[in-house]
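Accompanying notes for the structure given below.
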Amino acid sequence: MKTISVHTPSASYPVVLGRGALARLGATVEALRRDGEVYLLSSRRVWRFWGRELLRRLRHVTRNRVILFDDRETAKNLATVEEICRKLAKSRADRQVLLIAAGGGVVGDVAGFIAASYLRGVRIVHVPTTLVAQVDSAIGGKTGVDLPEGKNLVGAFHQPEAVVADPVVLETLSARQFRSALYEVIKYGVIGDASLFRFLERKMERIVKMDYRALEFMIERCVRQKARVVKLDEREGGLRQVLNFGHTIGHALEALTGYSRFLHGEAVGWGMLGTTLIAVGLGRIDEGSAARIASLVVRCGELPALPSISPAALFSAIAGDKKARNGRVGWVIPCRIGAANIGVAVPDRLVEAAWRELPHFYAHAHREVTA
């Protein structure tokens, strides 16, 4: 078990990582509690598996103050935020309150936004229970909810007091949920850690089978990279944009399919493939490296098929992305395994060509892997 420190201009906090981290949750919260009440925010799905264990670990610091809410992407909205804030207000939760967010990315995003907003800011500890939350979304202080017009359009930056990430909780994930997060891990390898990428190439079969030693190494590498990026750019003014590799197309896919066809990581997987094709078209990355990225994406498992979406619809969804400026997005384009450029202008004709070629690119990679 390791503790990785995250330092940002607004706050510093530990990420307690590894098997046994959950057992230390009570001590971690006790050290942070002060005089306020402790509230557990989670979903019914997570609570079914981990509620009893969480209450056992927090028995000395909480009076069973638990708020459960829907953790589907379709419920990640302002109505859910208002409902939970009203429950806190009716319970007379004050500024000394400490929130514990136990769940995946939706729970963390919603609870984090509540922590940033309720009484103009209260403290929060994240206990991520999905792989994507452990390697990415629970770290760095980005919070937010969706609008019908797009994903994460309302939110705030609000750093947690601590993150407690135990890979043991990943055992209750479905195979699809677990594999979905691996695309975010591949992202880290592509944009900034060639050693991690090579590790994934060597160990992907062990990782898919949830080998703990491989998992802990992989999660640690992602957390350290995320910590480095947010230290240098807490509010996504520059370098932090590199973490959006694959997300420009990915977010568009999610929005265009009503957040019901793809898990987030699956949409990012398609987005990375599409962006890699764009990188080849721009001459930014060689075809051999592009093939390695596609092969590793395929080895995570079968992606849901792409829907029939016109280039015009895709462009419209991309223009509505929160990172767009005057309807144009600065793309994150890989230039080699382990490095990427940010803020790249991409001609619409090249995006359209990549979009049309994308199913064939994926099918070719799939044939190569399964041959």
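The values are calculated or read from the model by the stated rules, or taken from the named source; none is laboratory data. Nothing here was measured: the structure is a model prediction, and the numbers come from that model. Neighbour counts run over all protein chains shown; Cβ positions are idealised from the backbone, glycine included.
Worth pointing out:
- Any hit, region 137-157, residues being in contact with a Leu (Cβ under 8 Å, 6 or more places away or on another chain), assigned to a strand (DSSP E or B) and farther than 27 Å from LEU253 by Cβ: no
Residue-by-condition table, conditions (1) of a type in the set (A, V, I, L, M, F, W, C); (2) in contact with an Asp or Glu (Cβ under 8 Å, 6 or more places away or on another chain):
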{"site": "PRO128", "(1), (2)": "no, no"}
{"site": "GLY141", "(1), (2)": "no, yes"}
{"site": "ASN152", "(1), (2)": "no, yes"}
{"site": "GLY155", "(1), (2)": "no, yes"}
{"site": "LEU170", "(1), (2)": "yes, no"}
{"site": "TYR183", "(1), (2)": "no, yes"}
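- For region 283-310, a residue qualifies if it is touching a Pro at 6+ places or on another chain (Cβ under 9 Å) and of a type in the set (A, V, I, L, M, F, W, C), and the qualifying residues are ILE285, ALA290, ILE293, ALA305, LEU306.
- Whichever residue in region 153-164 is out of contact with any His (no Cβ under 8 Å at 6 or more places or on another chain) and at pLDDT 95 or above and, among such residues, is farthest from ALA102 (Cα to Cα): VAL154
- Residue within region 259-280 that is in the same structural domain as ALA313 (by TED's automatic domain parsing), in contact with a strand residue (DSSP E or B) (Cβ under 9 Å, 6 or more places away or on another chain) and in a loop (DSSP other than H, G, I, E, B) present: yes
- Looking only at region 281-317, and only at residues there that are part of a helix (DSSP H, G or I) and of a type in the set (D, E, K, R), the one that is surrounded by the fewest Cβ atoms within 10 Å (Cβ to Cβ): GLU287
- Residue list for region 107-136, restricted to those being part of a helix (DSSP H, G or I) and of a type in the set (Gly, Ala, Ser): GLY108, ALA111, GLY112, ALA115, ALA116, SER117, ALA133
- Close contacts from region 296-308, counting a first residue that is under 13 Å from VAL268 (Cα atoms) and a second that is modelled with pLDDT of 95 or more and surrounded by fewer than 16 Cβ atoms within 10 Å (Cβ to Cβ), with Cβ to Cβ under 7 Å and a gap of 6+ residues or different chains, come to LEU306/PRO359.
- Every residue from region 28-61 that is more than 20 Å from LEU131 (Cβ to Cβ), touching a Lys or Arg at 6+ places or on another chain (Cβ under 9 Å) and not in a helix (DSSP H, G or I): ARG34, GLY36, GLU37, VAL38, TYR39, LEU40, VAL61
- Within region 89-106, the residues that satisfy the criterion of being out of contact with any Lys or Arg (no Cβ under 6 Å at 6 or more places or on another chain), outside any strand (DSSP E or B) and among the hydrophobic types (A, V, I, L, M, F, W, C) are ALA89, ALA93, VAL97.
- Any pair with Cβ under 7 angstrom, 6 or more apart, that starts in region 344-371 at a residue that is more than 20 Å from PRO334 (Cα to Cα) and ends at one that is among the β-branched types (Val, Ile, Thr) and surrounded by 11 or more Cβ atoms within 10 Å (Cβ to Cβ): HIS366/VAL298; VAL369/VAL298
- Count of residues meeting criterion [of a type in the set (Gly, Ala, Ser) and over 15 Å from the mean Cα position of the chain (by Cα)] in region 102-115: 1
- In a residue-by-residue description of region 318-340, the property of being more than 21 Å from GLY192 (Cα to Cα), modelled with pLDDT under 95 and in a helix (DSSP H, G or I) applies to at least one position.
- ASP233 being charged (D, E, K, R) and not assigned by TED's automatic domain parsing to the domain that holds THR276: no
- Within region 206-224, the set of residues being without any contact (Cβ under 8 Å) to a residue 24 or more places away in the chain and assigned to a loop (DSSP other than H, G, I, E, B) comprises LYS209, ASP211.
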